[in-house]
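Shown next, in structure tokens, is the structure this report addresses.
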């Protein structure tokens with residue numbers, strides 16, 4: 001059994017993650033999350049079609065607003081609202097709109113509650129405009145006030161006036177505040193029997209368990225069938241130049257000797273330069289501001305050639321220099337990202353330096369990088385330094401790490417297949433390694 005599991009654990013991993021992904025995406029797609037509720041009525045009786053509140057053109061019109069219909073102030077976050085589910089009903093002279101809570105979770109929205117309240121109130125006015133004569137509700141002006149309630153004046157001491165749309169008077173503010181807000185002043189949440197996040201956690205747990213059981217069963221059944229093939233002699237490792245694992249003293253001795261090679265120093269500088277240049281090319285990923293970068297190609301090659309000690313240095317410099325050269329205007333320097341970059345390159349070196357290359361090792365490397373470095377370390381770095389909400393981790397970062405796991409592993413494996421013979425011929429790596437490339 002040991003031989004079978006040793007050869008088939010890659011299959012187990014693939015089946016495990018496949019069913020785990022299925023367990024994640026089914027509730028993600030079909031389970032409704034908690035919704036935010038607004039209950040309101042108009043000061044004038046309107047014969048409104050309740051479905052107007054759910055029509056895409058009206059929602060898009062609110063998203064395009066640049067000026068508040070209530071205060072005349074600028075609106076900057078409505079464009080980031082992403083409504084996937086909206087319900088509207090009419091009850092006893094008032095209306096009730098329920099919008100999925102996740103609609104206001106984009107990383108560009110700093111205050112989800114304020115945006116939710118403002119967006120939903122503006123939706124009521126956008127719809128109301130279609131049923132009244134706007135001439136009956138002339139615009140009016142009010143004095144602009146700061147956050148402390150003081151009137152804002154111009155250089156001559158005259159109060160600055162804001163123009164408010166008259167249609168805003170049709171909204172019954174007293175009814176809204178009495179029926180839509182909880183004791184903390186936040187919008188009420190819709191009650192659902194099963195919360196979406198709970199269903200996602202349950203789905204992942206069931207999917208992971210089924211995948212693990214099915215993976216082991218399949219490998220054992222097929223393994224015993226082909227037991228003769230699994231008993232063949234393997235190529236000998238641990239010969240002071242090529243190692244099966246990094247848990248050897250000689251492995252680290254060889255890694256330290258890489259600093260004595262001027263040739264290695266030059267190639268490390270070249271790969272570092274290519275990594276920095278690659279930061280200029282970021283492909284949109286569909287996961288918020290998280291794009292697809294090509295630095296993993298050059299960092300994995302640097303780790304394979306230079307070893308763990310060079311990998312730490314290249315990883316650190318790639319992040320530090322990359323920030324000050326290309327990203328200094330995007331926010332404060334985050335040392336947590338530097339730690340993540342160093343750990344990423346270090347993991348690459350443990351999987352690719354002085355060892356035979358396989359897709360299994362590429363997958364293991366990306367598993368660690370995606371979920372430990374990117375999701376956990378960098379994710380909490382975003383939360384701590386840039387005040388991102390925890391929901392950003394699960395709504396934006398986690399889906400990206402899951403979706404990119406296999407493609408990134410394939411890219412690294414293919415690149416190393418191409419580079420390994422070249423590196424062996426030029427004596428950057430041991431010649432035995434080019435003969436040991438395998439899928440598993």
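The values are calculated or read from the model by the stated rules, or taken from the named source; none is laboratory data. Not measured: the values here are computed from a predicted model. Counting neighbours? That spans all protein chains shown, and the Cβs are built from the backbone with ideal geometry, glycine included.
Each residue in region 317-341 was checked for being closer than 20 Å to residue 373 by Cα and modelled with pLDDT of 80 or more, and 16 of them qualify. Just one residue in the set 397, 358 is within 28 Å of residue 208 (Cα to Cα) and at pLDDT below 85; that residue is 397. Residue 95 fulfils the conditions (1) surrounded by 14 or more Cβ atoms within 10 Å (Cβ to Cβ); (2) over 23 Å from residue 76 (Cα atoms); (3) free of Cβ contacts under 8 Å to residues at least 40 places away in the same chain except for a single criterion, (3). Listed conditions (1) under 22 Å from residue 51 (Cβ atoms); (2) at pLDDT 85 or above are all met by residue 100, apart from (2).
Matching residues to (1) touching a residue at least 12 places away in the same chain (Cβ under 8 Å); (2) over 19 Å from residue 35 (Cα atoms):
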residue	(1), (2)
78	yes, no
85	yes, no
99	yes, no
137	yes, yes
149	no, yes
169	yes, yes
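Quick one: would you say residue 200 is outside any strand (DSSP E or B), at pLDDT 75 or above, assigned by TED's automatic domain parsing to the domain that holds residue 15 and under 33 Å from the mean Cα position of the chain (by Cα)? The answer is no for residue 200. Taken over region 72-118, residues that are under 30 Å from residue 44 (Cβ atoms), in a loop (DSSP other than H, G, I, E, B) and touching a strand residue (DSSP E or B) at 6+ places or on another chain (Cβ under 8 Å) amount to 5.
Select, from 48, 62, the only residue that is touching a residue at least 60 places away in the same chain (Cβ under 8 Å) and not in a helix (DSSP H, G or I). Going through 48, 62 in turn, just one is touching a residue at least 60 places away in the same chain (Cβ under 8 Å) and not in a helix (DSSP H, G or I): 48. Within region 119-154, the set of residues being in a helix (DSSP H, G or I) and at pLDDT below 85 comprises 134, 135. What pairs come up if the first residue lies in region 244-264 and is closer than 21 Å to residue 302 by Cβ, the second is modelled with pLDDT under 90 and not in a helix (DSSP H, G or I), and their beta carbons are under 7 Å apart, counting only those six or more places apart or on different chains? Close Cβ pairs satisfying both conditions: 251/243.
Screening residue 375 with (1) modelled with pLDDT of 90 or more; (2) assigned to a helix (DSSP H, G or I) gives one miss only, at (1).
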